[in-house]
Amino acid sequence: MSLWKQKNKILVTCPKGVSPYLKTEIEALGFPVLAELDTAIQIEGSLEDTLILNLHLRTAQRVLYQLETLSVNTPGSLYGKLNTIPWETLLHNSGKAAYVCVTSIVDNPLITDSRFVNVKVKDAIVDRIRDKCGRRPDSGPDKDKAVIHVYWKNDQAYVYLDTSGERLSLRGYRKIPLQAPMQETLAAAVIMATGWKDEGAFINPMCGSGTLAIEAAFIALNRAPGLLRNNYGFMFIRGFPETLWQNLRKKAKDSTKKKLPAKIIATDIDKKAILAARQNAQTAGVEHLIEFNTCSYENTPIPEDGGIIILNPPYGERMGATSDKTKYRRGKEEATRGRRIIIRKDADRTDKGSYSKARETQILEATYQGIGDFFKKIGGGYRGYIFTGNLEMVKKVGLRTKQRIIFYNGEIECRLLEYELYTGSMKKQKDI
């Protein structure tokens, strides 16, 4: 039986906190879930099935097809057993495709540096191909061709074909990322957590590089997130079924809607952010479907039909998300417009030219309080959301949360906070 038809375990990885949404996606594609881990979902399928997963999953990072499980206790035994795998029948060994990248995760008391394992795995593969084919393939850190992943825990080493290559969050549309952007996979998971698909408007003030708005458009259009990419790790495995891949892409394109059933509005006070977001949306093919405006968050146009409003405000320098002056200025301008605070340009600088933490805290407090006041003025039919990694500033919003969902933006523990918005005056809102 061809390797492409053989069923085996498949590990689909994701950012921490995203696995429940990844599980929902995988089950919707018809794959039974074997196990749900903190940062991955384990299923069973063929190598051909990985084409479907890579094309359609919005919240996945990598799709790893399990090739072997090896019983090893030393680096030498790892090399020896990996060297017996017929790599010459799995990977291309001539032309530009003769290249392999090795990644690994090691949880073994004998190993203190996973780079050592990478070298052992790489040597086992390229030595085998050289001995069988007379030519040693190139190797290195680039993930744009064949990628092999090894997870070594205690005396078990799991060998995977990384069918994604570059991580799936790299959709291919974000040419201008700006500073501290939200990854596409995380943005998709956050939208899924709100329950929004295409019912009502999707409003995204403080849109930055536009990732949330673009991912919302993909979801509403039922557009496969992998359609923009033209390079995957599975393309460098021998026997790659090109015809099947093209058929899957055509089917995905045919099932994409042509029009949005609801409005998507993205705004930012920074003109450069709007220019970047518009360019990214154009690359993604959805610029004509998103209404972009340069304005402060409280001046964002709000349609009367209802929907959701979601903001991803600055976390603050302490959280590692606004350490540059551009992010600081953006938060300062938002706070100034929303709370009418007058801030002198030079009064906020220390001798080293960095902004004082006290001033930063004051601006952040004004920003989050301003968002709360903004929410209080929104009519009924809307749900408000704040995604933030600064849990202290959440207290300044001044509204009771309906739910708090934990996510991780890199290593930063974040919350997606939901607020149910009601029609009425600001005074009435404060009494709720």
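Throughout, read-outs are computed from the coordinates displayed, never taken from laboratory work. This structure is a prediction, so every number in the text was calculated from the model and none was measured. Please note: Cβ atoms are built from the backbone with ideal geometry, for glycine as well, and neighbour counts cover all protein chains shown.
See the values below:
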{"item": "Estimated inter-spin distance, Lys250 and Thr361, nm [label 7 Å along Cα→Cβ]", "result": "6.3"}
{"item": "Antiparallel DSSP beta bridges within the chain, percent to nearest 5", "result": "60"}
{"item": "CD proxy at 222 nm, helix term only [per DSSP H run n ≥ 4: -39500 (n - 2.57); per residue of the chain; nearest 500]", "result": "-10000 deg cm²/dmol"}
{"item": "Cleavage-rule hits, trypsin sites (Lys or Arg not before Pro), region 126-213, DSSP coil, Cβ neighbours within 10 Å at most 14", "result": "Arg135, Lys175"}
{"item": "Label point distance in nm, Ser94-Asp127, each placed 7 Å from Cα along Cα→Cβ", "result": "2.6"}
{"item": "Stretch gain in nm, segment Ser77-Leu29, where the contour uses 0.36 nm per residue and the Cα spacing is subtracted", "result": "13.4 nm"}
{"item": "Burial ordering of Asp162, Asp270, fewest other beta-carbon atoms within 10 Å first", "result": "Asp270, Asp162"}
{"item": "Pair Asn154, Asp142: separation of 7 Å Cα→Cβ label points (nm)", "result": "4.0"}
{"item": "Cα gyration tensor category, rounded, prolate or oblate, for the chain with a/c compared to 1.5", "result": "prolate"}
{"item": "FRET E, pair Lys263, Lys175, Förster distance 25 Å, beta-carbon r, rounded to 0.05", "result": "0.50"}
{"item": "Percentage relative contact order, the chain, counting C-alpha pairs under 8 Å, at least six apart", "result": "13"}
{"item": "Chymotrypsin sites (Phe, Trp or Tyr not before Pro) within region 154-231: DSSP coil, no more than 16 neighbouring Cβ in 10 Å", "result": "none"}
{"item": "All-pairs alpha carbon distance profile, region 3-162, 10 Å steps from 0, percent", "result": "10, 38, 35, 15, 1"}
{"item": "DSSP beta bridges in region 3-162 [antiparallel fraction, %, rounded to 5]", "result": "75"}
{"item": "Anisotropy class of region 46-135 from Cα gyration tensor, a/c 1.5 cut", "result": "oblate"}
{"item": "Normalised contact order of region 3-162, rounded percent, pairs of Cα under 8 Å and 6 or more residues apart", "result": "24"}
{"item": "Label-zone membership for region 112-153, site Arg238, 7 angstrom Cα→C-beta point, backbone N under 16 Å", "result": "125-138, 146-147"}
{"item": "Pair-distance profile P(r), taking every C-alpha pair of region 221-301, with 10 angstrom steps and integer %", "result": "15, 34, 26, 17, 7, 1"}
